[in-house]
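Participant: Have a look at this one.
Only the coordinates and a few stated rules stand behind these numbers; no lab work does. As the structure is a computational prediction, the values presented were derived from the model and not from experiment. Cβ coordinates were reconstructed from backbone atoms using ideal geometry, including for glycine residues, and neighbour counts include every protein chain displayed.
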Amino acid sequence: MQTPFPPSTVLGYPRIGPHRELKKALESHWDGTIGADELAKTARELREQTWLRLRDLGLGAVPSNTFSYYDQVLDTAVLLGAVPARYRALPPGDAYFAMARGTQGVAPLRMTKWFDTNYHYIVPEIDATSPFRLDAAKVLDEVREARELGIETRPVIVGPVTFLSLAQAAPGGPAGFAPLDRLGDVVAVYAELLAALHAEGVSWVQLDEPILVTDLDAAVLAGVRAAYTRLGDRTARPRLLVAAPFGELGEALPVLASTAIDAVGLDLVRGRVPADLGLLAGKTVVAGVVSGRDIWRTHLGSAAATLRAVRAQIEHVVVATSCSLQHVPYDLALEDGLDDELRERLAFAEQKVAEIVSLADAPARAPQGAPETSAPARGVTERSEGAPQGAPVTADSAGGKAVPTARSPYAVRAAAQAAHLRLPALPVTTIGSFPQTPELRAARTGLVGGSLPAADYDRRVRAEIERAIRLQERLGVDVLVHGEPERNDMVQFFAERLDGFAVTKHGWVQSYGSRCTRPPILHGEVKRPAPMTVELAAYAQSLTDKPVKGMLTGPVTITAWSFVRRDVPLGDLLDQVGAAIRDEVADLEAAGIGIIQVDEPALRELLPLRRAEQAEYLAWAVGAYRVATSGAADRTQIHTHLCYSNAAEVLDAIDALDADVTTIESARSHGTILGVSGLPDFARGLGPGVYDIHSPRVPGVEEVEKLIAAALAVLPADRVWVNPDCGLKTRTYPQVEAALTHVVRAAARQRLRL
Ligand code: GLN
Ligand code: ZN
């Protein structure tokens, strides 16, 4: 049964469909327009298309089980029978989507970001005693479907250590219980799965273990050793590839090397060729030399050099992606609006597969192994990855290097702002967006499609702004917003207006479930050719005597939610974007805007997976934020919004942002943030959310009052702001009106008690 690994593969592939077919089918299914059968048919077609395409592109080993109706971690929970009791009463299809999205009376499981990506997975809930039970139907069905097309596949499954590390303990369980305590039980189910796949005639299986590139303590490493010793020692099993995307294996490498697994997948884009690579001699190394995390064409010469370095120590080397390609769009050929120079530098999923195939072919054709000098196969020309075509970034053009980034002491600013803004205690504000109505979306589609003249669109947008302003005035909100009707997306809006960015038409990447984003491409020097938000902010302010907040996206978030060039250090890119936002802040101030919010929901997202690298990143992120905001006058109040970020982990960095007011999600997580130690010392304004905007439910006045009182219990009253968890764009006007009425009333009642 010694089936060697074919010379090339990918660790995973996009599944949402080149034209978001799965998104559309899922949403039609959820709203009742199509039945489960039709959804299943679309899903099957997408899987088949992917397998056939990968085969036709010449890829050696084609993966399966990379499809998902929602999320691969949720699929793994189902595979292991780790379905919490409250969902088990529902029919299986309903239970799956109920875990993902909730259903009448049953809340969904939590969702959070997958390592340092912008992909969100469903957090499994594991209790101390429920039995696990193998449900291999999905994995086996995909193997069989592909086989019907004549394609033998390698099922890809989230590995046991990663699965349990990402899980949370079921509420109400014994104190001190952690999901990883059940590693032995879960590994037993993986062993059964291997047996089932062996019986099915599957020759290779891939277990994804990205947790292995994070800092692991000795107990977890011992768990890794035990798990893979046990799985590796099975006699009747397919050969086993353990893939470790997103970084370097570090101390986990010798542990894997000591087990009988057959292959290890290394991320050689993020990580270097390990010094102790030789420990893997005898195993296959799946060398991730083509990035699955960005859209740049691979520098084939350097990739070939990396492969040579691996081959010098390892006999059997497979050319592969660094991680699943689920993080990149399908096909560059779908894009017709990009300029040629940029296009030359890009590779989406299909193009990356072609690169892998050409790298794998190269040694066979060039006996001395010099693929970088031989013409690459399949028309792949060489280009250095992400290299700029314009002027290189110099120290002075790298944004804020030279600008002062400190404002006056907070006490000085606070006094100036109090005199200037004259806000009541417990000021009520919102996070920025108001409902994006169907009419507004239709108008935007009309504008993009050319059927609605720009002047008409602008009129429509201004009417929406007026509606939002009048509503906030009528409800008694203290700090108003214009409602962001002109923004399709909080990052794309700015990317479209800044030099150095390109946006795509079809470059969709799955964010979670049916939700996709089109990350802009930061490819050149970032410059702000003209003000971006000033006109509409000034218009909104002209409608009212109350202060209207200017609304900007911060440099970290713009960068985090874009594909960025790799030839410039991240810190410099952040500073360049920060400098552009700094100019916008100055122009908003000059236009009479007294409060400016600079959103940074992605602050936590780019945090490196290894602790040793985190301080440098946080210094860059904070530095860029301060470049963006520190030019503001003392009397200008700077807000930031951190959204659902895991604030507790980065509280010091949030403090270092030095914003005058910080708003953050709190209602949805039932005030968890208020219990974080260190929060009471947070010496500036803080608005822990009092309205969970994810739910159509309107909170009652007492409920909101309780949340305000909870904030007042830990924070001085003069620091507390009252606001929703996040922007209101996904809600309807009637919901928003009812909820904000209650929020304003609750704040008024709490003021009386101060
Ligand atoms: N200002 C943005 C809004 O209200 C913030 C969005 C976010 O935090 N993700 O929509
Ligand atoms: Zn938010």
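Participant: With 27 Å as the limit, write out which pairs from K23/K138; K113/K729; K113/K527; K23/K549; K546/K729 have Cα-Cα distances beyond it, or answer none.
Facilitator: Violating the 27 Å limit, Cα to Cα: K113/K527; K23/K549.
Participant: Please name which of Y87, T50, I16 has its Cα lying farthest along the dipole of the stretch 1-88 towards the positive end, using unit charges on Cβ (Lys, Arg +1; Asp, Glu -1) and the Cα centre as origin.
Facilitator: My answer, from the dipole projection, is Y87.
Participant: Moving on to the next point. G594's amide H: which non-local residues (gap 5+, or another chain) put their own amide H closer than 5 Å, with H modeled 1.01 Å from N in plane and none for Pro or chain starts?
Facilitator: V548
Participant: With a point put 7 Å past each Cα toward its Cβ, work out how far E344 is from A36 in nm, to one decimal.
Facilitator: 5.3 nm
Participant: I've got another one for you. State the extension gain, in nm to one decimal, for the chain segment bounded by E192 and A275, taking 0.36 nm per residue of separation less the distance between their alpha-carbons. Working shown, then result.
Facilitator: Numbers: separation 83, 0.36 × 83 = 29.88 nm, distance 3.50 nm.
Difference between extended and current length: 26.4 nm.
Participant: Can you give me the Rg/Rh ratio for the stretch 102-152, using Cα atoms for both radii and the Kirkwood formula for Rh? Kindly include the intermediate steps, with their values, before the conclusion.
Facilitator: Numbers: Rg = 16.5 Å, Rh = 14.7 Å.
Radius of gyration relative to Kirkwood radius: 1.13.
Participant: So what's the gap between the Cα centers of the stretch 75-91 and the stretch 654-711, to the nearest angstrom?
Facilitator: Value for the Cα centre distance between the two parts: 32 Å.
Participant: Let me ask something else about it. Which whole-number percentage describes the relative contact order of the chain, with Cα contacts under 8 Å and a sequence gap of 6 or more? The partial results should precede the final answer.
Facilitator: Details: 1513 pairs, mean separation 85.4, N = 754.
Once divided by the residue count of the chain, the mean separation gives 11 percent.
Participant: Report for the chain the percent antiparallel among DSSP-assigned beta bridges with both residues inside it, nearest 5. Please report the intermediate quantities before stating the final value.
Facilitator: Details: 11 of 62 bridges.
Counting DSSP beta bridges with both partners in the chain, the antiparallel share is about 20 percent.
Participant: In addition: Is the stretch 1-82 best put as rounded, prolate or oblate by its Cα gyration tensor, with a ≥ b ≥ c the root eigenvalues, rounded for a/c under 1.5, and otherwise prolate when a/b is larger than b/c, oblate when not?
Facilitator: Working: a/c = 2.84, a/b = 1.60, b/c = 1.78.
Note, shape of the stretch 1-82 comes out oblate.
Participant: Using Cα centres only, tell me the gap between the stretch 591-621 and the stretch 192-258 in whole Å.
Facilitator: 34 Å
Participant: What distance in nm separates the simple spin-label points at A709 and R88, each placed 7 Å from Cα in the Cβ direction?
Facilitator: Using points 7 Å along Cα→Cβ, the separation is 3.9 nm.
Participant: Could you calculate the FRET efficiency of R697 with R751 from 1/(1 + (r/R0)^6), where r is the beta carbon distance between them and R0 is 25 Å, rounded to 0.05?
Facilitator: Numbers: r = 25 Å, r/R0 = 1.00.
After rounding, the FRET efficiency stands at 0.50.
Participant: How many percent of the alpha carbon pairs in the chain exceed a separation of 33 Å? Before the final figure, lay out the partial values.
Facilitator: Working: 150684 of 283881 pairs.
Tail of the P(r) past 33 Å holds 53 percent of the pairs.
Participant: So, one more: Determine the sum of side-chain charges near A419: Lys and Arg each +1, Asp and Glu each -1, restricted to other residues whose C-beta is under 15 angstrom from that of A419.
Facilitator: So the environment of A419 carries a net charge of 0.
Participant: Helix-only estimate, please: 222 nm mean residue ellipticity of the chain, summing -39500 (n - 2.57) across DSSP H runs of length 4 or more and dividing by its residues, to the nearest 500.
Facilitator: That calculation yields -12000 deg cm²/dmol at 222 nm.
Participant: Please state the shape class of the stretch 157-218: rounded when a/c is under 1.5, otherwise prolate if a/b exceeds b/c and oblate if not, all from the C-alpha gyration tensor.
Facilitator: It comes out oblate by the Cα gyration axes.
Participant: Oh, and also: How high is the relative contact order of the stretch 1-70? Use alpha-carbon pairs under 8 Å, at least six apart in sequence, and give a whole percent.
Facilitator: Relative contact order, the stretch 1-70: 48 percent.
Participant: Assuming 0.36 nm per residue, please report the length gained on full extension of the stretch E616 to R635 beyond their Cα-Cα distance.
Facilitator: That works out to 3.7 nm of additional length.
Participant: As an exercise, find the ratio Rg/Rh for the stretch 104-215 from alpha-carbon atoms, using the Kirkwood inverse-distance average for Rh.
Facilitator: 1.01
Participant: If one puts a single equal scatterer on every Cα of the stretch 543-694 and applies the Debye formula without solvent, what log₁₀ I(q)/I(0) results at q = 0.16, 0.18, 0.21 Å⁻¹?
Facilitator: So the normalised log intensities are -0.89, -1.10, -1.38.
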